[in-house]
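The values are calculated or read from the model by the stated rules, or taken from the named source; none is laboratory data. Here the structure is a predicted model, which means the values were calculated and not measured. Don't worry about glycine lacking a Cβ; one is built from the backbone with ideal geometry, like all the others, and counts go over all protein chains shown. Please note that ligands, DNA and RNA were not included when accessible areas were found on the heavy atoms of the full protein model with its side chains. Shrake-Rupley method; radii C 1.70, N 1.55, O 1.52, S 1.80 Å.
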Amino acid sequence: MKLSEVRDILDAEVLYGEDELDREVFSACGSDFMSDVLAYVKNQALLLTGLVNPQVIRTADMMDMKCVAFVRGKQPDENVLALARERDMVIMRAPIRMYDACGKLYAAGLRGDV
Amino acid sequence: MEAVKLVYPVEGGDLIEAGEASSKMKLTLKKLGLPPDVIRRASICMYEGEINMVIHADGGQAEVDVGMDEIVIRMIDQGPGIPDIDRAMQEGYSTAGDMARDLGFGAGMGLPNMKRYSDEMDIETEVGKGTTVTIKIKI
Ligand SMILES: Nc1ncnc2c1ncn2[C@@H]1O[C@H](COP(=O)(O)OP(=O)(O)OP(=O)(O)O)[C@@H](O)[C@H]1O
Ligand SMILES: [Mg+2]
């Protein structure tokens, strides 16, 4: 699924990487526990999380993830966005809650285990 | 390729900066041209170990040896030690406090993750003295 489609489905605002929405993700992972995310290895994955702190970006970076979508309308601070820019990672903010965000993407065909 | 030794001090206390050493190591491994899968596994292990040193041991030092056929990562701290390694290795076991939990740590998955992503893992620990976690990843 293209990141532009992820944005449309989540009705998300793109906070960084507007030019990179042609990138594809093949799977997604939703969690507020970083070690849970680190247990999940898939190529070109999307991370959905309700946490907004620098460790989220670092965790996604270790996993080579292409995009992080913050749910529940959480706004990351400048520090977090700077880390994402350095790593060329697309950042979105979705107004909906985790359960709905996962459900919508899943229904549109983006799975966790592919 | 020449053998390369990397040393990273890991500051205690500050969970916001935690992960810098792992980021730096990852960049260096990329520059050395190692396979993406090896880099990812090494980075995850190092990151889990680095976070553990910050949360549980007030910092320490990471030493990384990149050889011809394996990467050896040693994470050395002078923290409180681990009283029961078998218990610490269980998924879901965690003594992390609220500060760590608020940032998304404390699932009790770090050591099990390191075990899974590495080819060899060894923990040397003494209560009151400190802990050294050694990880080997075949290239
Ligand atoms: N370097 C260390 N020094 C002292 N205790 C440690 C160290 N590393 C791990 N431990 C102990 O082992 C437990 C399990 O560690 P593990 O990394 O698996 O989980 P966690 O750090 O609590 O949570 P998570 O890694 O999922 O965020 C810790 O809660 C802690 O009690
Ligand atoms: Mg841990």
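Report yes if B:THR95 is more than 13 Å from chain A (Cβ to nearest Cβ), within 11 Å of ligand 2 (Cβ to nearest atom) and free of Cβ contacts under 8 Å to residues at least 40 places away in the same chain, otherwise no. Walk me through it before giving the result.
Values: more than 13 Å from chain A (Cβ to nearest Cβ): yes; within 11 Å of ligand 2 (Cβ to nearest atom): yes; free of Cβ contacts under 8 Å to residues at least 40 places away in the same chain: yes.
Taking the combined requirement at face value, the residue satisfies it.
Under the condition of being part of a loop (DSSP other than H, G, I, E, B) and out of contact with any helix residue (DSSP H, G or I) (no Cβ under 7 Å at 6 or more places or on another chain), which residue from segment A:43-52 is farthest from the other protein chains (Cβ to nearest Cβ)? If you could, list the steps in order and put the result at the bottom.
Residues of segment A:43-52 that are part of a loop (DSSP other than H, G, I, E, B), as a first pass: A:43-44, A:50-52.
Retained after the next criterion (residues that are out of contact with any helix residue (DSSP H, G or I) (no Cβ under 7 Å at 6 or more places or on another chain)): A:43-44, A:51.
On the way: A:ASN43: 9, A:GLN44: 12, A:LEU51: 5 Å.
The residue in question is A:GLN44.
For segment A:1-41: of the residues being assigned to a loop (DSSP other than H, G, I, E, B) and of a type in the set (Asp, Glu), which is nearest to B:PHE105 (Cα to Cα)? Show your work before the answer.
Filtering segment A:1-41 down to residues assigned to a loop (DSSP other than H, G, I, E, B) leaves A:1, A:11-12, A:17, A:21-23, A:25-26, A:31-33, A:39-41.
Next, only the ones that are of a type in the set (Asp, Glu) stay: A:11, A:22, A:32.
Values: A:ASP11: 29, A:ASP22: 32, A:ASP32: 9 Å.
That would be A:ASP32.
Within segment B:115-139, can you find the residues that are in a loop (DSSP other than H, G, I, E, B), of a type in the set (Asp, Glu) and open to solvent by 80 Å² or more (accessible area, probe 1.4 Å)?
Start the filter on segment B:115-139 by keeping residues that are in a loop (DSSP other than H, G, I, E, B), which leaves B:118-119, B:127-129, B:139.
Restricting the remaining residues to those that are of a type in the set (Asp, Glu) gives B:119.
Residues satisfying the conditions do not exist here.
Kindly check whether there is at least one residue in segment B:95-115 that is over 19 Å from B:ASP58 (Cα atoms) and basic (Lys, Arg).
Yes, segment B:95-115 contains a residue that is over 19 Å from B:ASP58 (Cα atoms) and basic (Lys, Arg).
May I ask you to list the residues in segment A:79-93 that are away from every other protein chain (no Cβ under 12 Å) and at pLDDT 95 or above? If you could, list the steps in order and put the result at the bottom.
Restricting attention to segment A:79-93, the residues satisfying the condition of being away from every other protein chain (no Cβ under 12 Å) are A:81-82, A:84-85, A:88-93.
Answer for segment A:79-93, where residues must be away from every other protein chain (no Cβ under 12 Å) and at pLDDT 95 or above: A:LEU81, A:ALA82, A:ALA84, A:ARG85, A:MET89, A:VAL90, A:ILE91, A:MET92, A:ARG93.
Which one is surrounded by the most Cβ atoms within 10 Å (Cβ to Cβ) among residues in segment B:50-63 that are free of Cβ contacts under 8 Å to residues at least 60 places away in the same chain and more than 11 Å from ligand 2 (Cβ to nearest atom)?
The extreme case among them is B:ALA62.
Mind listing whichever residues of segment A:20-42 are at the interface with chain B (Cβ under 9 Å from one of its Cβ atoms) and away from ligand 2 (no atom under 16 Å from the Cβ)? Before you say what the answer is, go through the steps one by one.
In the first step, residues of segment A:20-42 are kept if they are at the interface with chain B (Cβ under 9 Å from one of its Cβ atoms); the result is A:31-39, A:41.
Of everything in segment A:20-42, just one residue is at the interface with chain B (Cβ under 9 Å from one of its Cβ atoms) and away from ligand 2 (no atom under 16 Å from the Cβ), namely A:VAL41.
Just to be sure before I move on: is B:ALA21 in contact with a strand residue (DSSP E or B) (Cβ under 7 Å, 6 or more places away or on another chain) and either crowded, with 19+ Cβ neighbours inside 10 Å or under 16 Å from A:LEU38 (Cβ atoms) (or both) in the structure I sent?
Working: in contact with a strand residue (DSSP E or B) (Cβ under 7 Å, 6 or more places away or on another chain): yes; either crowded, with 19+ Cβ neighbours inside 10 Å or under 16 Å from A:LEU38 (Cβ atoms) (or both): yes.
The answer is yes for B:ALA21.
Criterion first (in contact with a Leu (Cβ under 7 Å, 6 or more places away or on another chain) and under 25 Å from B:GLU20 (Cβ atoms)) does A:VAL41 satisfy it? Step through it out loud before you land on a result.
Details: in contact with a Leu (Cβ under 7 Å, 6 or more places away or on another chain): no; under 25 Å from B:GLU20 (Cβ atoms): yes.
So A:VAL41 does not fit the description; no.
Out of all the residues in segment B:71-90, is one or more surrounded by 15 or more Cβ atoms within 10 Å (Cβ to Cβ), within 12 Å of ligand 2 (Cβ to nearest atom), under 16 Å from B:VAL133 (Cβ atoms) and among the charged types (D, E, K, R)?
There is no residue in segment B:71-90 that is surrounded by 15 or more Cβ atoms within 10 Å (Cβ to Cβ), within 12 Å of ligand 2 (Cβ to nearest atom), under 16 Å from B:VAL133 (Cβ atoms) and among the charged types (D, E, K, R).
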